[in-house]
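Engineer: Sharing a structure, written as structure tokens. Questions coming.
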Amino acid sequence: MPKSQAAKELAAKQKAEAKAAKERRRNSDNPKDWGTWKQLVETYKMTRKVDPKVLWWAIGGFVVPFVIFAVVGLFIKPWWMYAVVGVFAGAAGAMWLFSRRARTAMYTRFKGQPGSGEVALAQLDKKQWSTTPVIAINRHQDVVHRALGPAGIVLVGEGGGNGVRQLLAAEKHRHEQVAFGVPVISYLMGEGNGQVPLEQLGKTIKKLPRTLSAAQIAETKSRLRALDSMRPRMPMPKGPMPTSAKGARSAMRGR
């Protein structure tokens with residue numbers, strides 16, 4: 001049965017929309033529109049600017065496991081099976097080393113920049129943690145970020161002087177008023193005594209004891225939305241998150 005004119009027009013419209021969407025993703029600078037390969041390429045470019053030896057580390061991560069399995073294959077038959085396993089082990093080793101070097105390079109690049117706490121919070125498991133950058137800011141551009149997960153509410157302050165301490169203390173008090181028994185933990189990010197360095201922030205949060213169930217997290221999230229709705233809208237500070245950094249985060253944790 002021949003297609004009706006309306007069906008032909010609909011098919012043509014859908015084809016044109018799909019083509020336009022593909023073209024938009026191809027030219028987009030938003031990492032969410034990128035494929036896995038482009039994310040890896042952009043991550044490599046960004047990492048190499050900070051760590052020129054990253055390629056050699058990745059090659060070494062592949063060669064060492066491959067050689068080990070290849071040598072074992074010389075003595076244990078069938079040798080080709082160990083060679084195949086060596087290829088997969090080498091690929092895994094290369095990606096593991098590349099991810100570590102890329103993460104270290106990202107921390108090095110953004111360390112000390114305003115808003116860099118978002119970099120560390122972005123590395124938390126999205127299935128367990130929800131993060132909200134810059135929930136509070138003062139005139140000195142000191143900011144407070146927030147994460148909610150199995151350990152409770154985590155507030156991260158970054159900035160200099162007493163201003164950030166006062167801002168962090170005020171936010172902790174405000175959250176404790178709506179938390180109803182949910183732990184509210186605060187960290188001051190920095191290199192000073194009693195502060196948590198940027199590169200250690202994610203590890204520190206992950207080590208916190210689990211105290212909340214999924215239902216408690218969902219309930220707490222609703223309370224936090226109500227708390228945020230009462231805040232005046234704030235202009236976002238110019239943080240350290242250019243497109244390439246967002247691509248790096250996405251590539252390291254996968255799409």
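Engineer: Taking the conditions exactly as written (in contact (Cβ under 8 Å) with a residue 40 or more places away in the chain, touching a helix residue (DSSP H, G or I) at 6+ places or on another chain (Cβ under 9 Å) and not assigned by TED's automatic domain parsing to the domain that holds VAL196), does MET81 satisfy them or not?
Structural biologist: It is false that MET81 is in contact (Cβ under 8 Å) with a residue 40 or more places away in the chain, touching a helix residue (DSSP H, G or I) at 6+ places or on another chain (Cβ under 9 Å) and not assigned by TED's automatic domain parsing to the domain that holds VAL196.
Engineer: Determine the pairs where a residue that is in the same structural domain as LYS221 (by TED's automatic domain parsing) and assigned to a helix (DSSP H, G or I), located within segment 160-184, has a partner that is charged (D, E, K, R) and exposed (fewer than 15 other Cβ atoms within 10 Å of the Cβ) with Cβ atoms under 9 Å apart, the partner being 6 or more residues away or on another chain.
Structural biologist: Qualifying pairs under 9 Å: GLY163/ARG139.
Engineer: Kindly indicate which of GLY161, GLY190 is exposed (fewer than 13 other Cβ atoms within 10 Å of the Cβ), modelled with pLDDT under 90 and small (Gly, Ala, Ser).
Structural biologist: Within the list GLY161, GLY190, the selection yields GLY161.
Engineer: Something else: Condition first: assigned to a loop (DSSP other than H, G, I, E, B), of a type outside the set (S, T, N, Q) and closer than 23 Å to ILE137 by Cβ. Now tell me which residues in segment 103-126 satisfy that.
Structural biologist: The answer is LYS111, GLY112, PRO114, GLY115, ALA122, LEU124.
Engineer: Based on this model, can you work out whether VAL71 counts as surrounded by fewer than 20 Cβ atoms within 10 Å (Cβ to Cβ) and assigned to a helix (DSSP H, G or I)?
Structural biologist: Taking the combined requirement at face value, the residue satisfies it.
Engineer: Additional query: Select, from GLU42, GLU23, the only residue that is of a type in the set (Asp, Glu), surrounded by 18 or more Cβ atoms within 10 Å (Cβ to Cβ) and modelled with pLDDT under 85.
Structural biologist: GLU42
Engineer: Is it the case, given these coordinates, that ARG101 is closer than 28 Å to SER222 by Cα and either within 17 Å of the chain's Cα centre (by Cα) or assigned by TED's automatic domain parsing to the domain that holds VAL67 (or both)?
Structural biologist: In short, no.
The values are calculated or read from the model by the stated rules, or taken from the named source; none is laboratory data. Since this is a predicted model, take the numbers as computed values, not measurements. Cβ atoms come from the backbone with ideal geometry, glycine included; neighbour counts cover every protein chain shown.
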